[in-house]
Amino acid sequence: MRKSTLMLLLSLLVTSIFAQTITKPDDFFGFKPGADRMLFSYEKLIDYLKTLDNQSDKLRMVEIGTSPLGKPMYIAFISSEQNIRNLDRLKDINKKLALDFNLIESEKASLINEGKVFVLATLSMHSSEVGPSQSAPLIAYDWITSTDPSKLKTMNDVVYMMVPCHNPDGMDMVVDHYNKYKETKYESTSYPGIYHKYVGHDNNRDFIVLSQTDTKAISSITSSTWFPQVMVEKHQMWSSGPRYFVPPNTDPIAENVDPTLWNWMGIFGQNMISDMTAKGLTGICQHSLFDNYWPGSTETCLWKNVISLLTESASAQLAKPIFVEPTELVGNGKGLAEYKISANMPAPWPGGWWRLSDIAQYEMESTSSILNTASLYKDKILTLQNDLCKKEVKLGQTQAPYYYIVPENQADKSELVELVNLLKEHGIEVSKLDADFTMNGMNYKKGDIVVSLAQPFRAFIKEVMESQKYPERHFTPGGELMEPYDITSWSLPLHKGLISKQIDIRNIDFEKQLSKVEGTYGLGNYQDAFEYAILTSTSNESYKLTFNALNSGIKVDRCTNDFDLDGTPIPAGSFIIKKQDKLAELLKTTTFPIIFTNKTPAAELIPITLPRIAIVESYMQAIDAGWTRFILDTYSIKFTVLRPKDFEKAELSKNFDMIIFPDEDASILKDGKVKRNEDYFISNIPPDYAKGMGPKGFENLMNFIDTGGTIISWGESTALFEGALTIKDKTSTEEFRLPFRNEGDKLEKKGLQCPGSLIKMDVLQNHPITWGVPSKIGIFYNGKPAFTTSIPTFDMDRRVIGFFEEENTLLSGYLEGEKLLYNKSGIIWLKKGKAQLVLMGFSPIFRASIAGDYKFLFNSILLPKVQ
């Protein structure tokens, strides 16, 4: 008998004996994961995987970060014993293949021979999509105990990196909710609220901005630590369509991504549908439903040369089985208009019972297929990783654009600091100019930031630094446009309000004047000797520092006019702080320039205080409210959350000076139900949570206005203040209409299309809402609301704060029918008696990704009272 055969038999024998000592999932949890009406928590999941880590040399748990609520996050590495022992060495090989564009062929061949394919899987980032994380114990146990020779070979070639739950906080929220209502009529209800500290479903929209700690932990895996060659994000979708989606995606696709990656996604996807169908699984579709154009999801690592995959399983009602009638099965979206046999779904599921255990089976089989494909093409995939590294660097050296230059002299230097550090967090090398340099007739200054495209992650750099132009694709020639799945603009410089120059001619002498930015970038300039610190109104960090100062009891003034200080122009709205206790320690933490002076500023000053703020957030997945809470917390702005039902009994005027209404359907806020035309749609949350303000609560809101309260509202919530309104007290009733209308629906019917784009808006200057804001600015906009105003009556007034021009409105993304926006307003200020209302047609904090607009919110919060 040959030696290799003896070794294999010995390995099988050892594995078989060893498997008897491994705790089965059923024994640990008390039920088989995937069982009807049974869910385990995040903590139990991690405890089980740690148990396997202690029992098996084929699994190792590695902590990678924390969730926003402080739960530890992990990768479970699953592979052969030898690979697990050699993880550090294999990690070094990955980094070399991913980043070393000077790797010689002999060393490359050696590394490929020694290396393994790392497959990263992130499970259940959307916590109502419970199946992937509930399947994790089954997948882990199966692979570490299997004696199947083909699986042993796969584990020798592949390291499976399983993030058992992408959203630990949300997992516990949803599991606790399900267990609370299990075996009641509300068992199938959705979790009331957002299943995350801040962003809920939008955690899959954060992979450019990296605002959340869980996002940072996952992003670092592909940007700076492990550099896997393959990743898959495991999701669930609706219940009455296909059972499972596998790649390739539908159009449009990202144009900056190398074609080879799309081809490899097709190979993995085709193997999945073939392998799963061979196992008797049906209802699997591809080339449909989900495009792959916009970055922001976990698959953003596609722009960093990773073969990035998405799977989506049909959902049950969390752990409750559902029965789907054949007549209820429908196609939905691009590539699958009908639920019938087609090239994109060759074996439809016939209908019937659908259980969590079915989802688990699909997850296990799809995972096996991905790992087997990675093993089958091991050498080719590892070769691809370094080939793409070299190819992208070569393109950056030979094809425009060559560099992006971001001048140090920006109106908001704090956002320049944020940009540089964000790019570095993404694994991008950032440089600065060591001396003044003239190139192509333009003068660049020492200290200017330069991002070269001759880098392995060139595709990502280009994607996030350029202005976007949506690739128009149609179902038929000249036919209906394929609409984007999500948004169409994400340019970091534009969204941050920064000036950036694209350079299309390479200059070797210029490159010799660059030095790499090492460590954390900053422009702080603290000094001890000063009488006054001036924080300019053009910098977002000035507001953050001001809010922190006010919270610390430090007196802060604000100038109401532009003035000059020894030749330095100081814009209106800047913050003036006289030297006092606690101030020095606060200023030492800054990373942006502050103006220090011993002279008394020659400006009109007003003292500022923080208002008592309420933010309104329903329980119906009010994600924009969650993002708003995140921004307020980030900038140290204190607030209280009010639920719509609280308005009935809340003493609004007694407890609050200001109420913020983020973007949310006004009918949800007012009635607790979504209203479309004259129909109401009942929500799928327990009725105790599905309550709006009601008539009495809305009456209290009007009385808050009557007593001089301030309202800040944007998006759909602005409809609360449109049309006929009534203020009642014990002796009288006043009916009135605020002098504005929303024309957004009319414009849409006339052909306006604006699916999440950056639109130029003209801004009224020298107004407290626009202090520090340039005269023209990009706002993130979806076409409505679009306001018009009218001449006011009685004790009302209005000002148009921002409006749209007739043409050249689009800055980034897609816009059809721009002339329809001409002379419509994006933001307006209204007065009723001593009350003030700031209404915005856009979210000033959209997904924490539009820092250039934050000042509209901050200035509105600090709005001086009407005298």
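A simple spin-label model places pseudo-atoms 7 Å from Cα toward Cβ; at His474 and Asn54 they are separated by 6.5 nm.
Ordering Tyr198, Tyr485 by accessible surface, largest first, gives Tyr485, Tyr198; the 1.4 Å probe counts only protein heavy atoms, with every chain in place.
Every Cα-Cα pair of the chain was included, and the share exceeding 50 Å stands at 22 percent. With kT/(6 pi eta Rh) evaluated at 25 °C and eta = 0.890 mPa s, and Rh the Kirkwood radius from Cα pairs, the stretch 766-867 diffuses with a coefficient of 168 µm²/s according to Stokes-Einstein.
Net length available on complete extension from Thr726 to Phe323 is 140.3 nm, with 0.36 nm assigned per residue and the Cα-Cα distance removed. Put the Cα centre of the stretch 182-208 next to the Cα centre of the stretch 651-671 and the gap is 22 Å. Once Rh for the stretch 404-508 is found with the Kirkwood sum over Cα pairs, what is the Stokes-Einstein diffusion coefficient at 20 °C and 1.002 mPa s, in µm²/s? My calculation gives 138 µm²/s for D.
So what is the relative contact order for the stretch 177-327, in percent, with contacts set as C-alpha pairs under 8 Å and at least six apart? Don't skip to the answer; put the middle values down first.
Numbers: 201 pairs, mean separation 54.4, N = 151.
Result for the stretch 177-327 is 36 percent.
Taking the alpha carbon gyration tensor of the stretch 304-407, multiplying each eigenvalue by 5 and rooting it gives semi-axes of 41, 19, 15 Å, largest first. The amide H of Val430, built 1.01 Å from its N in the peptide plane, has Val517 as neighbours under 5 Å, considering only residues 5 or more places off or on other chains. Under the simplified labelling scheme, the Arg799-Asn684 pair shows an inter-label distance of 4.6 nm, with each label point 7 Å from Cα along Cα→Cβ.
Only aspartates and glutamates eight or more places from Lys185 in sequence, or on another chain, were considered; those with a Cα closer than 18 Å are Asp36, Asp176, Asp688.
Between Asp142 and Lys750, the modelled labels are 5.7 nm apart [label points 7 Å from Cα along Cα→Cβ]. Which FRET efficiency, nearest 0.05, do Lys380 and Thr23 yield, Cβ-Cβ r, R0 30 Å? That gives a FRET efficiency of 0.20.
Please give the calculated 222 nm ellipticity per residue for the chain, where each DSSP H segment of at least 4 residues contributes -39500 (n - 2.57) and the sum is spread over every residue; nearest 500 deg cm²/dmol?
Numbers: 25 runs with 268 residues, N = 867.
Here the helix-only value at 222 nm equals -9500 deg cm²/dmol.
Show me 51-58, 262-269 ranked by packing, highest mean number of other Cβ atoms within 10 Å first.
Numbers: 51-58: 18.1, 262-269: 19.9.
Peptide ranking by packing, descending: 262-269, 51-58.
Between 0 and 90 degrees, rounded to the nearest ten: what's the tilt of helix 623-634 against the longest Cα principal axis of the chain? Between helix and principal axis, roughly 70 degrees. A straight Cα-to-Cα reach below 19 Å connects Lys446 with the lysines Lys413, Lys432, Lys501, Lys512, Lys516, residues fewer than 8 places away in its own chain not being considered. If you take the square roots of the eigenvalues of the alpha-carbon gyration tensor of the stretch 574-657 and sort them as a ≥ b ≥ c, do you get rounded (a/c under 1.5), prolate (a/b over b/c) or oblate? Prolate shape, in that a/c is at least 1.5 and a/b is the bigger ratio.
Considering only beta bridges that DSSP places wholly inside the stretch 73-173, some 35 percent are antiparallel. Just to confirm my numbers, what's the Cα centroid distance between the stretch 101-153 and the stretch 331-362 in Å? Cα centres, the stretch 101-153 to the stretch 331-362: 27 Å. With the convex hull constructed from alpha-carbon coordinates only, the stretch 83-188 shows a mean projected area of 9.5 nm² over all directions.
Available extension along the chain between Ser274 and Met442 is 54.8 nm, counting 0.36 nm per residue and deducting the alpha carbon span. Pairing the Cα long axis of helix 694-706 with the longest principal axis of the chain, what angle in degrees results, from 0 to 90 and rounded to the nearest 10? Approximately 40 degrees, to the nearest 10.
I need the shape label for the stretch 238-301. Rule: rounded when a/c is under 1.5, else prolate if a/b > b/c, else oblate, with a, b, c from the alpha carbon gyration tensor.
Details: a/c = 2.62, a/b = 1.56, b/c = 1.68.
Oblate shape, in that a/c is at least 1.5 and b/c is the bigger or equal ratio.
Taking a ≥ b ≥ c as the square roots of the eigenvalues of the Cα gyration tensor of the stretch 720-809, is the shape rounded (a/c under 1.5), prolate (a/b larger than b/c) or oblate? Cα axes put the stretch 720-809 in the oblate bin. On full extension, the segment bounded by Glu806 and Asp251 gains 196.7 nm, given 0.36 nm per residue less the C-alpha separation.
Looking at the P(r) of the stretch 710-769, how many percent of alpha-carbon pairs lie beyond 14 Å? Working shown, then result.
Details: 1330 of 1770 pairs.
That tail contains 75 percent of the Cα-Cα pairs.
Each Lys and Arg adds +1 at its Cβ and each Asp and Glu adds -1 at its Cβ; summed about the Cα centre, the stretch 364-476 shows a dipole of about 400 debye.
For the chain, the longest principal axis of the alpha carbon atoms and the long axis of helix 540-551 meet at an angle near 70°. Among residues other than Asn655 with Cβ under 15 Å from its Cβ, the summed charge is +1 (Lys and Arg +1, Asp and Glu -1).
Considering only DSSP beta bridges where both residues belong to the stretch 205-323, give the percentage that are antiparallel (nearest 5).
Numbers: 3 of 15 bridges.
Among the beta bridges of the stretch 205-323, antiparallel pairing accounts for roughly 20 percent.
Descending by average beta-carbon neighbour count within 10 Å, the peptides 852-863, 213-224 line up as 852-863, 213-224, the highest first. How much FRET efficiency would the formula 1/(1 + (r/R0)^6) give for Asp36 and Asp528, where r is the Cβ-Cβ distance and R0 is 60 Å, rounded to 0.05? Once rounded, the FRET efficiency stands at 0.30. When DSSP beta bridges are limited to those with both residues in the chain, what percentage is antiparallel, rounded to the nearest 5? Taking every DSSP beta bridge within the chain, about 70 percent pair in antiparallel fashion.
Here's the list of aspartates and glutamates a cross-link from Lys582 could span, going by alpha-carbon distance under 20 Å and ignoring same-chain residues fewer than 8 apart: Asp528, Glu531, Glu541, Asp557. What separates the Cα centres of the stretch 268-289 and the stretch 209-264 is a distance of 18 Å.
Filter the cross-link list Lys649/Lys673; Lys197/Lys544; Lys496/Lys670; Lys91/Lys496 down to pairs whose alpha-carbon distance in this structure exceeds 26 Å.
On the way: Lys649/Lys673 20 Å; Lys197/Lys544 21 Å; Lys496/Lys670 34 Å; Lys91/Lys496 35 Å.
Exceeds cut-off: Lys496/Lys670; Lys91/Lys496.
Take the Cβ atoms of Asn409 and Lys95, set R0 to 51 Å, and the FRET efficiency comes out at 0.90. Per residue, the chain exposes 39 Å² of accessible surface when a 1.4 Å probe is rolled over the protein heavy atoms with every protein chain present. Over 27 Å apart at the Cα level, from the set Lys32/Lys380; Lys95/Lys391; Lys32/Lys378, are Lys32/Lys380; Lys32/Lys378.
If you roll a 1.4 Å probe over the chain with all protein chains in place, what percent of the accessible area is carbon or sulfur?
On the way: 16810 of 34200 Å².
In the chain, the share of accessible area belonging to carbon and sulfur is 49 percent.
Could you order peptides 391-398, 122-129, 615-622 by the average number of other Cβ atoms within 10 Å of their residues, highest first? The partial results should precede the final answer.
Working: 391-398: 17.4, 122-129: 25.5, 615-622: 23.5.
Ranking, from highest mean packing down: 122-129, 615-622, 391-398.
The values are calculated or read from the model by the stated rules, or taken from the named source; none is laboratory data. Bear in mind the structure is a predicted one, so any value in this text is a computation, not a measurement. Reconstructed Cβ throughout: ideal geometry from the backbone, glycine too, with neighbour counts over all protein chains shown. Heads up: the accessible areas ignore ligands, DNA and RNA and are worked out on the full protein's heavy atoms, side chains in. Shrake-Rupley method; radii C 1.70, N 1.55, O 1.52, S 1.80 Å.
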